[in-house]
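The values are calculated or read from the model by the stated rules, or taken from the named source; none is laboratory data. These numbers come from a predicted model, not from an experiment. Here the Cβ positions follow ideal geometry from the backbone for every residue, glycine too, while neighbour counts run over all protein chains shown. These area figures cover heavy atoms from the full protein model, side chains too; ligands, DNA and RNA do not enter into them. Shrake-Rupley method; radii C 1.70, N 1.55, O 1.52, S 1.80 Å.
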Amino acid sequence: MRASTCTVLALMACLAVLPTLSALAEDNRGDSTTALKGTFRFSTVKTCTDSATGSMAHFYIEGTIVYDGQGSAQLTQQGTLVVPGPISTSFEETAELTYTVKPNGSFSQEGTFRAVDRSYTLTGGKMNGHIDPDGSVVIFSAAIPPEKETVTMPGRGLSEYLCGASGTAVRIR
């Protein structure tokens, strides 16, 4: 039971990073989405509550996200999931994201996360944030109010979670 709970909760980490993360790779604020291009390294902390049971899990995540300047991004992340007990487990996932950036530097992104070992898929992961004026640092957080994230595990069905997250990304040159 605890192993399946850990696996389900690891799925929730996907959003954290959905990442997490956006950053303006160039100073061109006119067409902001095309200006977001480059590779960023990020770190995120995320807490999720199971919608059905009320149990909580904490995620500590780091990874890399590559923005293409056309509104799409590729994310890879690794992390540790900690649940009551305390019990911890490691996870690794990838995501395909879409993003929009406003001229004032605020952004939103969303996508679908998948465990590298294919043990789960997370949908509904959304993040908001703001890019610094130089386009090299991003501060991000989960959507407010939180939206449900859905984790699908083959043979185990669906689980829904409400999550909060915060993090920082820095452009790598």
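Remarks
- Residue under evaluation VAL151, criteria (1) closer than 29 Å to GLY69 by Cβ; (2) among the aliphatic types (A, V, I, L, M); (3) surrounded by 14 or more Cβ atoms within 10 Å (Cβ to Cβ), criterion not met: (1)
- Considering the stretch 119-134, the residues that are in contact with a helix residue (DSSP H, G or I) (Cβ under 7 Å, 6 or more places away or on another chain) and in a loop (DSSP other than H, G, I, E, B) include one that is least open to solvent (accessible area, probe 1.4 Å), namely TYR120.
- Top-ranked residue in the stretch 60-88 [being among the hydroxyl-bearing types (Ser, Thr, Tyr) and touching a Lys or Arg at 6+ places or on another chain (Cβ under 7 Å); ranked as most open to solvent (accessible area, probe 1.4 Å)]: THR64
- The C-beta contact set for the stretch 62-75 (first residue more than 17 Å from PHE42 (Cβ to Cβ), second residue surrounded by 15 or more Cβ atoms within 10 Å (Cβ to Cβ) and among the aromatic types (Phe, Trp, Tyr), distance under 7 angstrom, 6+ apart or interchain) comprises GLY71/TYR99.
- In the stretch 101-118, the residues that are closer than 21 Å to THR64 by Cβ and either in a strand (DSSP E or B) or not aliphatic (A, V, I, L, M) (or both): VAL101, PHE107, SER108, GLN109, GLU110, GLY111, THR112, PHE113, ARG114, ALA115, ASP117, ARG118
- Selection of the stretch 89-105 for residues being open to solvent by 30 Å² or more (accessible area, probe 1.4 Å) and among the small types (Gly, Ala, Ser) yields only SER90.
- Residue check, SER166 small (Gly, Ala, Ser) and in contact with a Phe, Trp or Tyr (Cβ under 8 Å, 6 or more places away or on another chain): yes
- Matching residues in the stretch 154-173 - criterion: being of a type in the set (D, E, K, R), open to solvent by 50 Å² or more (accessible area, probe 1.4 Å) and within 26 Å of VAL101 (Cβ to Cβ): ARG173
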